[in-house]
Amino acid sequence: MTLAIASAAAVMVGLIAGSDAGVAEARPLHFVNRVDREKVRLGEPFTYELVIMHPLDQRYELRPIHDPGPFEPLEQLRERVDGPQAATTTFRLKLSLFELGKKRLPDLGFDVIDPSGVRELIAKGLEVEGLSSLGQNVDQREPALYDIKALEVVPVHTYRALWIALAVVALASAGYALYRWTKRPRRLIAQEQVPQPLDVRTLGALDALRTEDLPSQGRFREFYFRLSEIVRAYLGERYRFEALECTSGELLAFLRRLPTSGLSIVEVSRFVDESDLVKFAKATAEPNQCRESLEFAYRLVRETFSPSSPLPPTDGQRDHLS
């Protein structure tokens, strides 16, 4: 079976020394390990493949992964093909990553069994980068507001040079506009897409998450990572603070200090606690619990977003008012 490589694969060829002093080191004829993608979104499955060519009288068995770190093992396949002179054993591990940034896969240990006894092979983990699962439109934040700068007096001794400069600029602008008009393409140019309002973008992200139906597939941890990121992105853009970078305690503290009409801090706190238990404590969840959390996110957007309602002041404005 051939693994499709979606990006430049990380490849390591050679022998890796054993880690236990009392166990002999195995030396396969050829060894390659690679990932199908070096950059993956949070919770998105990817494949880690290890290909070992070895003598026909050897058998390679993968040891259990006791500490996967930020990775979650999803599936493991083993395949052996015997040739005239040697055999090739291939291990394919399907994993998902739940932390942002560059993370190294755990080292994998193999028991190598042959007529002389049992030896070992340790494969050093490759590096994989975790990316945010949010779309690009979420980053389109409203511009920050700044205090009005005081007026400055600019002395002008004569206006003649100013009028001449303005006339030159006007003529140059008119000439450039005429040149662009004569060189314009003869077909219609698509208008630049106007960014969608915050509530439309957020509800669209929730609709997409509902359509994927991750809880029915048993992917509760991935569901809560995605849902929590959508809710934090909405709260941060709606109330103007870096919600995605906050801890759970900092998030609730910010919301308690701000004027958040229609927002129930009690419900937000309950949602944050339930999400953290599933994401970080790996607590079990039920489909009904996931459905209620998703409905809370919908209700949060509908009850707190209003284009006509005043937004909380920026940090600079809060300092000025205080």
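The values are calculated or read from the model by the stated rules, or taken from the named source; none is laboratory data. A quick note: this is a predicted structure, and the numbers were derived from the prediction, not measured. A quick note on method: Cβ atoms are made from the backbone with ideal geometry, for glycine too, and the neighbour counts reach across all protein chains shown.
Structure data summary
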| quantity | calculated |
| --- | --- |
| Helices (runs of 4 or more DSSP H) lying entirely in the stretch 160-255 (those with 1 or more residues that are outside the structural domain of PHE98 (by TED's automatic domain parsing), among the basic types (Lys, Arg) and touching a Ser or Thr at 6+ places or on another chain (Cβ under 8 Å)) | 220-239 |
| Qualifying positions in the stretch 182-201 - among the charged types (D, E, K, R) and modelled with pLDDT under 75 | ARG184, ARG186, ARG187, GLU192 |
| Verdict on VAL128 being modelled with pLDDT of 70 or more, under 31 Å from the mean Cα position of the chain (by Cα) and not in a helix (DSSP H, G or I) | yes |
| Test: PRO84 is within 20 Å of LYS282 (Cβ to Cβ) and assigned to a loop (DSSP other than H, G, I, E, B) | no |
| Some residue of the stretch 251-261 being more than 16 Å from LEU42 (Cα to Cα) and touching a Cys at 6+ places or on another chain (Cβ under 7 Å) | yes |
| Verdict on TYR60 being surrounded by 18 or more Cβ atoms within 10 Å (Cβ to Cβ), part of a strand (DSSP E or B), of a type in the set (Phe, Trp, Tyr) and within 23 Å of the chain's Cα centre (by Cα) | no |
| Tally of residues being in a loop (DSSP other than H, G, I, E, B) and buried (at least 16 other Cβ atoms within 10 Å of the Cβ) across the stretch 24-37 | 4 |
| Verdict on SER264 being among the polar types (S, T, N, Q) and closer than 18 Å to PHE305 by Cα | yes |
| SER116, sole failed condition from (1) polar (S, T, N, Q); (2) touching a His at 6+ places or on another chain (Cβ under 9 Å); (3) at pLDDT below 90 | (2) |
